[in-house]
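The structure appears below as structure tokens.
The values are calculated or read from the model by the stated rules, or taken from the named source; none is laboratory data. Worth saying up front: this structure is predicted, and the values here are computed from it rather than measured. Here the Cβ is made from the backbone with ideal geometry for all residues, glycine too, and neighbour counts use every protein chain on show. Ligands, DNA and RNA are stripped out before the accessible areas are found, and what is left, the full protein with its side chains, is counted by its heavy atoms. Shrake-Rupley method; radii C 1.70, N 1.55, O 1.52, S 1.80 Å.
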Amino acid sequence: MQIISVHLKNIKSHRDTELSFSAGINVLSGPNGAGKSTIFEAIGYALFGVDARDFVSNVDRFLSIGTKKGEISVDFQTDDGQCWRVSRSVGAGAKWLLARESGGLFEVEDHARIEETEARIAGLLGLANGRPLSEQFKLVIGPFQNDFLGPFVIKQSTKRLEAFDEILGIDAWRKTYKGTSTLLSTVQERIKILTAEVGSKQDQLLLLQDKQAELTALVSEQGVKESGLKQQSAALENAEKLLLDLDRREKSISTLQAGLQLLIGRLTEGDEKIATQKIRVDEAHRAVAAVNEARAGKEACDRSELQLKELRQKEQQRRQVEQEINALEKEAQRQTQQLEHERLECGKIAMQLAGEEKRLMLARQAAQADPKVRETAAALSQLRRDSDTLKASHALLSGRKAALLEGKDKLAEGVCPFFMEQCRNIAGTEPRDVFSARTADLDRQMNELFSRVQETDILLKEAEKAEKELNGLQVRLQEIDKQLAALEKQKSGHLERVAGQRKLAVLQAEAAQKSQLRKADLQAFAGLDGEIERAEQERASFQGARDTFNAHQKDAAELPLRIQLLEKMQQLLNTLKAERSASEGELAAQQAAYQPEQHRELRLEKDRLLSAVATLRQQIVELGRNRQRLESELERLGKIKAEVEEKQVRIASFEEKEKLVKFLRNQIFKNVSTQLSERFREEISLRADIIYRTIADSDEELNWGESYQIILRDMPDGVMRERSDDQLSGGQMMSAVVALRLALLQTIGARIAFFDEPTSNLDAARRENLAHAFRAIDVGREEVSEHWYDQLFLVSHDVSFTEITDQVVTVGEPAPI
């Protein structure tokens, strides 16, 4: 596997940076701040899916200043020769895309989720071991510069053990051992809870036999009570049949007695109503006589009422005419006042308009321009053309003079003014003066033109002044003309207003004439008040007769109905008397057949039987409730028994699980991680020791001890000496860490690795040895290690690496970010 190139756009200091890499060792070199470590971070972000916040505190700081979005793309080649491109954007809506090269173009694969993209890339990189790519990069493949020593310098052995177990991928066994501790406690606690529950429920099962015996006795008693209830119910049914017949007879007698009393009451009420109706018939006869007597007076009063109504209508018409006359007089007066006001106003306005017109005409006459000024302004255009022509001629003469003077100077030097080289024709002789006369003539012509330009400028200023004056007068005339036009509109409006006065005079005369005509119409109502007074007196004289007629008219009209109702009442009274006689006979017969004493005894017997039946039923219901209660208790105790049996089975199951968990914890989980750790440390120690001896160039033995502690052994003066990591110098510690990291990468099968400043704290000899160790690994020298990686990336300023690297990638000067 090989990374071919990386392209950064708007990532920290890299606005648009593209770098290419070769197989083997690639060294990134450049000044501080140029963004070398950013290249590693970008590869980790795009190819391994590391979160940008692992590099910076805020995602925005991973972008170049002033940008909202960035992108990183990495081209790489797998072992089968296939080229791929992975790109990942930074910022809002970031995407992670994987594309395959086909025919010179990259085709993006369709992945539904980001997890699918990560799994696909892990497979291509040969790192599909179940661990996230980002963790593999941060822990082993490309640890950050400040994390290079990382877990190697952790002082607490437990934390260091957990850190390296995680790096080696064996932390799952240790975590499982710790995690199953909670599981074992849970199983044991569950056994205790179930045992306690079974103990409490077994105490309840002691009542089961007593409850069963009680239920048997209760069922027997309930059968006896139900038999007695049947006998008492049969006797009650027979008594109710006899009592029902006597009840019907008693009810029939009561009904006949009530009906007889009702008939008696109705007969008494009928006699009273007949007497009252006779009185009403007599009143109707007297009312008929009174109506006939008052009829003539009532008709005379009605005629007077009708006449008075007609007179009131005439009075209303007269009042309406008077109102119209008042309105016409007011309108005529208003129009007279309006006409006088209009005449006065029009006179004032006519005087004002005449004065304004006179003022404007005088102002217009004063605004007329002087003919001399017009003539001066008319020459302005020609004067400007003449001035431009004279100035152009003067400039032309000035240019010709300058050219003559330049030629004169060059000729004095012996240089040809046309070919710009030494003139051979006058070599060794004094040049002839051919320019003085020409320049004098040009000066004369230029002076003449200058005088004419000055004269023309004076005339031009006078013409411009005259034109400005004319323009001012023109504006003034235009303003006066506008005022005159407005004045004409006002005069036209004034004439229309004068014409309106004539129309107003005509309307005033018409209103006065209408008022006089309506006054003449009032003569038709001259005697109306006397006629109204006479009609009212006549209506008052007949009012009494009409009141009498109206008071008795209703009773007189009801006379036939009252007579008919009296006859109907007498017939109904005779019918009621016959019904009374029949009811008295039927009542006597019913009373003879009814025995009240027998009726009372049957009622008492029924009450006794009802009480007995109710008592038995209540007793049976109570027995049923007790039976149901006992059955429910027995059912509950049965469930408890089944539950106890089920819990006992579960207790046995949990006890088996407890044995299994204890076995797994003590025999497997507790030992596997330790055994794997020993195996990894042994293998890594062998490889790291060879690399360390090459880097340190000494006979010291490097060993990765228990709890992953770095140990160096040597034999000064023939005595074995052993030093742990906290007793080592900075150079020894850095050399050991580099050796262990290289061996660790080889052991876990990583084919690519990143080292950021691996020579920190190393002296010159160790830096050079480290470089040769990398080269020895790259070529597969047996005394160091076999060639296990495809590419190795280093950030270093050390010249030692430039001699052994396959490619030095120079990162330019830092750009502002």
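Key figures
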{"quantity": "Portion, in percent, of the accessible area of region 202-327 that falls on carbon or sulfur, probe 1.4 Å", "calculated": "50"}
{"quantity": "Hydrodynamic radius (Kirkwood) for region 679-727, which is based on Cα pairs only, to one decimal in Å", "calculated": "11.2"}
{"quantity": "Options G91, Q261, T276, ranked by Cα towards positive dipole end of the chain, top entry (Cβ charges)", "calculated": "T276"}
{"quantity": "Highest to lowest packing among 26-38, 2-14, scored as the average C-beta count within 10 Å", "calculated": "2-14, 26-38"}
{"quantity": "For the chain, the Rg and Dmax computed from alpha carbons only, in angstrom", "calculated": "68.7, 196"}
{"quantity": "The chain: relative contact order in percent, alpha carbon pairs under 8 Å with at least 6 residues between", "calculated": "27"}
{"quantity": "DSSP-defined antiparallel bridges as percent of all bridges, the chain, nearest 5", "calculated": "75"}
{"quantity": "Around I458: net Lys/Arg minus Asp/Glu count, Cβ-Cβ under 14 Å", "calculated": "-1"}
{"quantity": "Using θ = phi - 60° and Karplus 6.51 cos²θ - 1.76 cosθ + 1.60, couplings along region 346-358 (whole Hz; Gly, Pro as x)", "calculated": "5, x, 5, 5, 4, 5, 5, 5, 5, x, 5, 5, 5"}
{"quantity": "Over the chain: helical MRE at 222 nm, DSSP H runs n ≥ 4 each giving -39500 (n - 2.57), nearest 500", "calculated": "-25000 deg cm²/dmol"}
{"quantity": "Net lengthening on full extension, A592/L306 (0.36 nm per residue, minus Cα-Cα)", "calculated": "95.0 nm"}
{"quantity": "Centre separation in Å (Cα based) which lies between region 724-756 and region 173-190", "calculated": "36"}
{"quantity": "Reachable lysines, given that their alpha-carbon falls under 21 Å from the alpha-carbon of K298 and they are not under 8 places away in the same chain", "calculated": "K309, K554"}
{"quantity": "Proximal aspartates and glutamates to K225, defined as alpha-carbon separation beneath 18 angstrom and excluding residues fewer than eight positions away on the same chain", "calculated": "E214, E622"}
{"quantity": "Reachable aspartates and glutamates from K358, criterion Cα separation under 17 angstrom, eight or more residues apart if same chain", "calculated": "E479, D481, E488"}
{"quantity": "Region 608-681 and region 387-411: distance between their alpha carbon centers, rounded to Å", "calculated": "127"}
{"quantity": "Unsatisfied cross-links (Cα-Cα over 18 Å) in the set K348/K503; K391/K468; K201/K647; K230/K606; K201/K659", "calculated": "K348/K503; K391/K468; K201/K659"}
{"quantity": "Burial order of peptide ranges 116-124, 379-387 (average beta-carbon count within 10 Å, highest first)", "calculated": "116-124, 379-387"}
